[in-house]
Amino acid sequence: MQPLETSSQEPIHGASEFLVVSNRLPIDRDSTDTADVGWRRAPGGLVTALAPVMASRDGAWVGWHGAPDEILEPFHHEGMDLIPVPLSSDEVELYYEGFSNSTLWPLYHDVIAPPEFHRTWWDSYRKVNRRFAEAAASAAAKNATVWVQDYQLQLVPRYLRHLRPDLRIGFFNHIPFPPPEIFAQLPWRQAIIDGLLGADLIGFQRPNDTANFLRSARRFLGASVKAQQVHVKERDDSISHIARAEPFPISIDVGRIQELAARPDIIARSKQIREDLGNPKTILLGVDRLDYTKGITHRLKAYGELLDDGVITVEDAALIQVASPSRERVETYRQLREEVEGMVGRINGQFDTIQNTAVRYLHHNYPVEEMVALYLAADVMLVTALRDGMNLVAKEYVAARSDNTGALVLSEFTGAADQLKQALLINPHDIDGLKATIAHAITLPKAESARRMRAMRKQILSHDVQRWSEDFLLALQNEAVRDDR
């Protein structure tokens, strides 16, 4: 295994007692600001999950601000100190679009698409991870807590430990972690495992992900694994620390979703959506990034066959498919967009009438207010991911249904399926089974719908994003007792 670089320099202590490190800062440039210096909070699952945590702590967030070839000084925004990490255009191409999203992403999602392995991508990934670690090390106060996020930064924990051995380091992996038989394909598998083991606590979405990681640590590094603990050794075989791997299923800002779902203007908007679709008996909804892991084509195939079989009609049912733009410079994603739009065109061409549209396809990003209105308008939510770390959309839909109506069709290959066991669970590869479950969801008796939704809402209300972050940080605090063990 090629060792990660280390530093012999004396550490420089910063002022931040708590830092979050992620590929992106939780902001976007505000295009409505004519001076081009304004910022707004960015959408997305990670920001939704961590913004409440940062708001309650005197901390800092380290990440890229989204514009290549631009260097910004640290600044303050909405209660957070933000520390931008610069990326060049080449690094965006090699580290982000290349290694992160064309090597790791497909590999970690069970090779739904074939991963590519290029040494230049790996070299850029190492270089950028080092830069993120150095930025965090410079900003962190002595004995600070640093929480590193997601697969783009898997080497940061080890770099941080070399730079600042006083730090308490956590890592959370938001996507699945593959079984060793798949992870084995990665030429740099040992360095990735070693990078993650720099953390005191490594969190995953599901127990299976945790088990996969520990199996890989044992198989590829020969690590000593006892229960969920790994005794991490230095080059001289001395134990440097004990790293613990554990599942911490992420959740949503339940209060925010409920607050929006109760707003009169959003309720009115949900009714307007139904009217705009011709007031069909049933509205089905899919909300996804346009990604091959989300099973959008499987969903469209099943829906089209239900129309073709006469189980549903375009007069009685309508499917809204929101497909947010994603990684449009990556060829696999361009091909997926063409395939999805081709399927939508064929279904609508065959089944549309002057008054009714079979599939209302929306390739846009929408604000959370519009998303909640869609959740309220939809009778059936379709989550058909082929592999997903969690899927927060499923939880948002349930949180919005305060009257306990609606039906959730949920892939068993999502992390959400572990918590939302009362959903109508499906294997999206089984098109006949998916069709039967969609048909069942459409005709689900009100009493059964209410029973299922009530149980799912109870789970989500007691396991929101605040509890997720508190559970992780408490476990990190307990785990990261240095030499006092």
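The values are calculated or read from the model by the stated rules, or taken from the named source; none is laboratory data. Since the model is a prediction, treat every value here as computed from it, not as a measurement. When we count neighbours, we look across all protein chains shown, and the Cβ atoms used for this are built from the backbone with ideal geometry, even at glycine. To get the accessible areas, we keep the full protein, side chains included, count just its heavy atoms, and leave off ligands, DNA and RNA. Shrake-Rupley method; radii C 1.70, N 1.55, O 1.52, S 1.80 Å.
Within the stretch 280-289, the set of residues being at pLDDT 95 or above and over 9 Å from A318 (Cβ atoms) comprises K281, L285, G286, V287, D288.
Which residues, taken from the stretch 195-210, are open to solvent by less than 10 Å² (accessible area, probe 1.4 Å) and in contact (Cβ under 8 Å) with a residue 40 or more places away in the chain? Break it down into steps so the answer makes sense when it comes.
Within the stretch 195-210, the first condition is being open to solvent by less than 10 Å² (accessible area, probe 1.4 Å), and the residues that meet it are 195-205, 209-210.
Hits for the stretch 195-210 are G195, L196, L197, G198, A199, D200, L201, I202, G203, F204, Q205, D209.
Of all residue pairs spaced 6 or more apart or on separate chains, those with beta-carbon atoms under 6 Å, a first member in the stretch 282-310 that is closer than 11 Å to T384 by Cα and touching a residue at least 60 places away in the same chain (Cβ under 8 Å) and a second member that is basic (K, R) and open to solvent by 10 Å² or more (accessible area, probe 1.4 Å) are D288/K294; T293/R387; A302/K435.
With respect to the conditions (1) more than 30 Å from R206 (Cα to Cα); (2) in contact with a Phe, Trp or Tyr (Cβ under 7 Å, 6 or more places away or on another chain), R269 lacks only one, and its number is (2).
Which is in a helix (DSSP H, G or I) and under 18 Å from H109 (Cβ atoms), of A302, A268, A211, A217? Steps first, please.
Values: A302 fails: under 18 Å from H109 (Cβ atoms); A268 fails: under 18 Å from H109 (Cβ atoms); A217 fails: under 18 Å from H109 (Cβ atoms).
Selected residue: A211, the only one of A302, A268, A211, A217 that is in a helix (DSSP H, G or I) and under 18 Å from H109 (Cβ atoms).
Selection of the stretch 111-128 for residues being part of a helix (DSSP H, G or I), open to solvent by 20 Å² or more (accessible area, probe 1.4 Å) and either modelled with pLDDT under 95 or aromatic (F, W, Y) (or both) yields only W121.
Does the stretch 427-437 contain at least one residue that is among the small types (G, A, S), in a loop (DSSP other than H, G, I, E, B) and modelled with pLDDT of 95 or more? The answer is no, given that none of the residues of the stretch 427-437 is among the small types (G, A, S), in a loop (DSSP other than H, G, I, E, B) and modelled with pLDDT of 95 or more.
Checking each residue in the stretch 215-240 for being open to solvent by less than 30 Å² (accessible area, probe 1.4 Å) and at pLDDT 90 or above picks out S216, A217, F220, A223, V225, V230.
Just to be sure, is Y303 within 30 Å of N101 (Cβ to Cβ), of a type outside the set (D, E) and open to solvent by less than 10 Å² (accessible area, probe 1.4 Å)?
Numbers: within 30 Å of N101 (Cβ to Cβ): yes; of a type outside the set (D, E): yes; open to solvent by less than 10 Å² (accessible area, probe 1.4 Å): yes.
For Y303, the condition - within 30 Å of N101 (Cβ to Cβ), of a type outside the set (D, E) and open to solvent by less than 10 Å² (accessible area, probe 1.4 Å) - is met.
Inspect all residues belonging to the stretch 464-478 and state whether any of them is over 30 Å from P165 (Cα atoms) and outside any helix (DSSP H, G or I). The answer is yes, given that some residue of the stretch 464-478 is over 30 Å from P165 (Cα atoms) and outside any helix (DSSP H, G or I).
Against the definition (surrounded by 19 or more Cβ atoms within 10 Å (Cβ to Cβ), touching a helix residue (DSSP H, G or I) at 6+ places or on another chain (Cβ under 6 Å), closer than 19 Å to R360 by Cβ and charged (D, E, K, R)), how does D288 come out, yes or no? Criteria met by D288.
Report, by residue number, each residue of the stretch 145-194 that is open to solvent by 10 Å² or more (accessible area, probe 1.4 Å), closer than 20 Å to S124 by Cβ and free of Cβ contacts under 8 Å to residues at least 40 places away in the same chain. Within the stretch 145-194, just R189 meets the criteria.
Which ranges mark the strands (runs of 3 or more DSSP E) fully within the stretch 1-63 that have 3 or more residues being in contact with a helix residue (DSSP H, G or I) (Cβ under 8 Å, 6 or more places away or on another chain) and modelled with pLDDT of 85 or more?
Details: elements: 16-24, 27-29, 39-41.
Passing ranges, in order: 16-24.
Of the residues Y366, Y375, the single one that is in a helix (DSSP H, G or I) and either open to solvent by 10 Å² or more (accessible area, probe 1.4 Å) or over 18 Å from T293 (Cα atoms) (or both) is Y375.
Among the residues of the stretch 78-108, those identified as farther than 17 Å from E331 by Cβ and not aliphatic (A, V, I, L, M) are E78, G79, D81, P84, P86, S88, S89, D90, E91, Y95, Y108. When S326 is tested against (1) out of contact with any strand residue (DSSP E or B) (no Cβ under 6 Å at 6 or more places or on another chain); (2) closer than 24 Å to E116 by Cβ; (3) of a type in the set (S, T, N, Q), only condition (1) is not met.
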